[in-house]
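Please read the structure below before turning to the comments.
The values are calculated or read from the model by the stated rules, or taken from the named source; none is laboratory data. This structure is a prediction, so every number in the text was calculated from the model and none was measured. No Cβ is skipped: glycine too gets one built from the backbone with ideal geometry, and neighbour counts run over all protein chains shown. Just the protein is used for accessible areas: all its heavy atoms, side chains included, with ligands, DNA and RNA removed. Shrake-Rupley method; radii C 1.70, N 1.55, O 1.52, S 1.80 Å.
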Amino acid sequence: MKLQKETIRPEPAHGRWYDDACGSAFGMELLGERWTLLILRELMFGPRRFTDLRADLPGISAKILTERLAGMERSGILARITLSDPVPAQVYQLTPWGRSAEPILQEIGRWAAASPLHDPTLPLSAASFIMSLRTMLDRQAAEGLSLTVAITIGGSSFGLRLEQACLHVTRGLPDAADLVFEADAAPRMAALFYGKVAPETAGVTCRGAACDLRRFMDLFNLPEKSAPPNVAD
């Protein structure tokens with residue numbers, strides 16, 4: 001009888017495994033540590049420097065961020081690379097396998113946003129808002145629409161291409177855009193897109209044909225809330 005080769009797993013950052021063969025259990029071993037999913041989210045649209053990650057995750061300490069990045073690197077979720085342009089800099093970027101976890105982030109976000117306990121007024125990073133657009137896109141309503149969109153939030157810029165009911169995202173502004181949205185913070189964008197607050201009230205600058213601006217913003221809606229939890233008297 002041929003024995004199965006023993007699998008050697010790297011030591012987890014949290015120091016323990018579930019010791020459960022279920023894929024969901026192993027997935028939690030890889031992604032369930034506090035901050036790991038948020039680091040994954042921040043890296044989803046391109047490589048970032050350590051200082052960029054700390055700035056967009058203000059609640060994390062340098063020590064914990066270092067530990068999480070090291071653990072994710074050992075697991076093969078991300079890799080450290082050195083960029084030479086415009087100046088040499090070490091950055092972290094997701095591996096192709098790491099990027100393939102995006103649907104997990106989207107489903108968790110869609111599921112959690114339906115909770116009556118979800119507070120959309122809490123702080124929001126630029127990458128988090130862009131991820132929400134990819135998550136909340138009404139694909140049926142987007143059929144037949146083709147638009148290039150530039151979104152700038154503080155010091156972060158993104159190019160979005162809506163085509164064939166899919167929203168493609170890259171960091172950096174596109175060469176040309178049909179629609180432009182600019183704000184100094186992501187919650188302002190969330191108020192515009194999800195709260196349906198007027199641009200001047202939300203503090204967002206919008207440029208483009210009025211009909212296209214409205215059609216684009218109407219493609220994104222938060223899910224209906226689930227029933228509130230029963231609270232004992």
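Values as computed for the structure displayed
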{"item": "Residue that is modelled with the lowest pLDDT [pool: residues in region 180-233 that are among the polar types (S, T, N, Q) and part of a loop (DSSP other than H, G, I, E, B)]", "result": "Asn230"}
{"item": "Conditions (1) open to solvent by 60 Å² or more (accessible area, probe 1.4 Å); (2) over 21 Å from the mean Cα position of the chain (by Cα): number failed by Arg171", "result": "(2)"}
{"item": "Exclusive hit being over 15 Å from the mean Cα position of the chain (by Cα) and modelled with pLDDT of 95 or more, set Arg99, Arg139, Arg74", "result": "Arg139"}
{"item": "Positions within region 36-69 being outside any helix (DSSP H, G or I), open to solvent by 40 Å² or more (accessible area, probe 1.4 Å) and either closer than 10 Å to Tyr92 by Cα or in contact (Cβ under 8 Å) with a residue 12 or more places away in the chain (or both), in sequence order", "result": "Pro47, Arg49, Pro58"}
{"item": "Region 16-35 - residue that is free of Cβ contacts under 8 Å to residues at least 60 places away in the same chain and part of a helix (DSSP H, G or I) and, of those, most open to solvent (accessible area, probe 1.4 Å)", "result": "Met28"}
{"item": "Those residues of region 188-230 which are in contact with an Asp or Glu (Cβ under 8 Å, 6 or more places away or on another chain) and among the hydroxyl-bearing types (Ser, Thr, Tyr), in sequence order", "result": "Thr205"}
{"item": "Condition met for Leu192 (under 18 Å from the mean Cα position of the chain (by Cα) and surrounded by 14 or more Cβ atoms within 10 Å (Cβ to Cβ))", "result": "no"}
